[in-house]
1. How many residues are in a helix (DSSP H, G or I) and either surrounded by 14 or more Cβ atoms within 10 Å (Cβ to Cβ) or in contact (Cβ under 8 Å) with a residue 24 or more places away in the chain (or both) if we restrict to the stretch A:558-592?
2. Within the stretch A:139-150, identify whether any single residue is touching a residue at least 24 places away in the same chain (Cβ under 8 Å), within 10 Å of DNA strand B (Cβ to nearest atom) and buried (at least 19 other Cβ atoms within 10 Å of the Cβ), and answer yes or no.
3. Just to be sure before I move on: is residue A:595 surrounded by fewer than 17 Cβ atoms within 10 Å (Cβ to Cβ) and outside any helix (DSSP H, G or I) in the structure I sent?
4. Considering only the stretch A:598-642, state which residues are within 16 Å of DNA strand B (Cβ to nearest atom), within 22 Å of residue A:169 (Cβ to Cβ) and in a strand (DSSP E or B).
5. Can residue A:182 be described as in a loop (DSSP other than H, G, I, E, B), closer than 30 Å to residue A:535 by Cα and within 8 Å of DNA strand B (Cβ to nearest atom)?
6. Going through A:164, A:190 one at a time, which residue ends up being within 16 Å of DNA strand B (Cβ to nearest atom), over 30 Å from residue A:439 (Cα atoms), free of Cβ contacts under 8 Å to residues at least 40 places away in the same chain and crowded, with 16+ Cβ neighbours inside 10 Å?
7. Give me a count of the residues in the stretch A:39-48 that are free of Cβ contacts under 8 Å to residues at least 24 places away in the same chain and outside any helix (DSSP H, G or I).
8. Would you check if residue A:358 is within 31 Å of the chain's Cα centre (by Cα) and more than 21 Å from residue A:334 (Cβ to Cβ)?
DNA sequence: GCAAGGTC
């Protein structure tokens, strides 16, 4: 029904009977989980090193299921089977409209099919009244709005990924202490960072100035009162001194005017997500990510309404009485609520109606013991805010008394609250009472002291998270649902750090990036960049421009910006050079390079990698773990010294790897054919599953694994590894003596066992044949045999017929029969280019 | 490994 998730975390189906367009009907109701599809590049463009980022601007894109494990598409297709009408109840915003068409696609409904009709329900809150109203005014889904989202997705993807890949490659390949795995760029995250850096630059370039202010003091009714100067402050000491002198010479103040004004402070409008996040950050100390998590949980538990909304206006159908009634017995606010119910609550201030969801309100009463501490604090705020919105405004009287002395004018202000209104439930917003003594026009009072206050202008503080959220909202950066994600993003990429008081302090990396954009193309980090994209796709949404024309037009502009950026990167690099250390000066010597045989340096800062200063090559390593030299062994494929990687955590698994193979896997496209794992049942080398024994040929796994002595060469006891030369003809190869061992072709899985061959004491391996790939007789599935003793294939085939090696009563026995045992090392030969191998 | 947008 909605793009919201049901409580159980599954897309349940509810079924019932009722009336639809005047006829009895059988209804089925189900849901999706946000977008069904997400957009990405085809596999061909996924390899960073093989794709020039500029090609991404013209690359095709494809939609794949956003959450393949949830099988939403299949679910929708199955449930839609046999249905004659499809009613779409997704959020009434642009993204919701786009999801409508994703659902249409999955269900197989056609837009213009008279027999299977598609309807769109427009509603902004889930109340019986609104739902019935929407059901009676069904419309068609808006293709233009959905196309606008398609356009945004394509532009965001291409621009973001192209810049990110280029920057990452360029700077990570040069500096050793950037401390971020990815140097990302995005039309939302980069302007967000831009705001933080802009404030930082204001602070660092700030020049403090001295100023002076006259502050006369008077004694009235035994109290000392300090008066404010009409000139506020002056930046010239001599002039300030002159005024001080004039005032001191006069010594007598005269009350020139008194005024009283009734003023009021309005109750707040309804609470939307952005305001909730701001309060959570500034008053409760929760970051946006955490605030959203807490709010989501409160929503799932039924304590508050849907927490992702832009609207601050309540729908006209909102049931205030019911909501107040739900809180009437609350131990914290029960009395206040009952007061509102009996004295009459106020209609809330009119706010912004974005047409999405009602403001965030309490749905159910809770007390402190029912919730965790942080959840309670957030819930408490939601309740207080809601009660504030239906409370009277705060009213107060503001008194201003004006004085003159020596030709200069001064004043003081008094405040007296007459109606506390909503501030009694939101006390932190209260107007503070300030009493003044009685004055009368024409009163003459002697000054007790005329202070010349010396102050200094101060820079603003770092941008607070709450200020940043305001700036993002004002500039249309992100949505209610994504603002927290963008802030989190720039923290995770190590561009900013959250410091005390939730202030965002940019790091050297964040500052250098923004300064770099500023000197090449300031547009890249200005908030207008998002505005530009929004403005362009608005044309699509309104049906004023063609979707693909707009996409092409915008991408063409960004492509030009990209080319210019690449051309000018030296200017940005000059800033990096001044701030960061080149790879050659980073890290400590760890292992030897297989090309130049000199030590490479291990750079531990993110992303951890090895750098060979002689070859000027970078070899990335697996992240988030520790890396050590592995027994001083070298990889037989490329002579690089092997390393052992241990994943983080006390029980972190470890595996050996070759830094060269890890970066350029020696095999390609054979993952479905051949994977090695001691315990894994899938036959593929799962990350962290089982104990791998041979080089992993999986091109995406990239774990170059080497035999751990379990397959020893019978000639010299060296380690056997998969031979790369002969791929796809699988052979084992000994790096010590160049022995070759033939392996059966078409194996689906090869794994070592704990068994030893009774003939030669070598490790027995198990070979798993997939029926579809095996060249052997039909029905051959799993066989075991010694790879060293005899012709392996014979063993394998004949195991099936019980003729060769076979397992009997748990031990291996030598087979009798055709061929028999042909001596140790048959099937092993010296590495010889002319050597012909048996064709399995 | 990359964007931003849904949502858990």
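The values are calculated or read from the model by the stated rules, or taken from the named source; none is laboratory data. What you see is a predicted model, and the numbers here were worked out from it, not measured in a lab. Note: ideal-geometry Cβ built from the backbone for every residue, glycine included; neighbour counts use all protein chains shown.
1. Residues flagged as in a helix (DSSP H, G or I) and either surrounded by 14 or more Cβ atoms within 10 Å (Cβ to Cβ) or in contact (Cβ under 8 Å) with a residue 24 or more places away in the chain (or both) within the stretch A:558-592 amount to 19.
2. yes
3. Details: surrounded by fewer than 17 Cβ atoms within 10 Å (Cβ to Cβ): yes; outside any helix (DSSP H, G or I): yes.
The answer is yes for residue A:595.
4. A:603, A:609, A:610, A:611, A:617, A:618, A:619, A:620 - these are the residues of the stretch A:598-642 that are within 16 Å of DNA strand B (Cβ to nearest atom), within 22 Å of residue A:169 (Cβ to Cβ) and in a strand (DSSP E or B).
5. Numbers: in a loop (DSSP other than H, G, I, E, B): yes; closer than 30 Å to residue A:535 by Cα: yes; within 8 Å of DNA strand B (Cβ to nearest atom): yes.
It is true that residue A:182 is in a loop (DSSP other than H, G, I, E, B), closer than 30 Å to residue A:535 by Cα and within 8 Å of DNA strand B (Cβ to nearest atom).
6. Just a single option satisfies the conditions, and that option is A:164.
7. Within the stretch A:39-48, residues that are free of Cβ contacts under 8 Å to residues at least 24 places away in the same chain and outside any helix (DSSP H, G or I) number 3.
8. On the way: within 31 Å of the chain's Cα centre (by Cα): yes; more than 21 Å from residue A:334 (Cβ to Cβ): yes.
For residue A:358, the condition - within 31 Å of the chain's Cα centre (by Cα) and more than 21 Å from residue A:334 (Cβ to Cβ) - is met.
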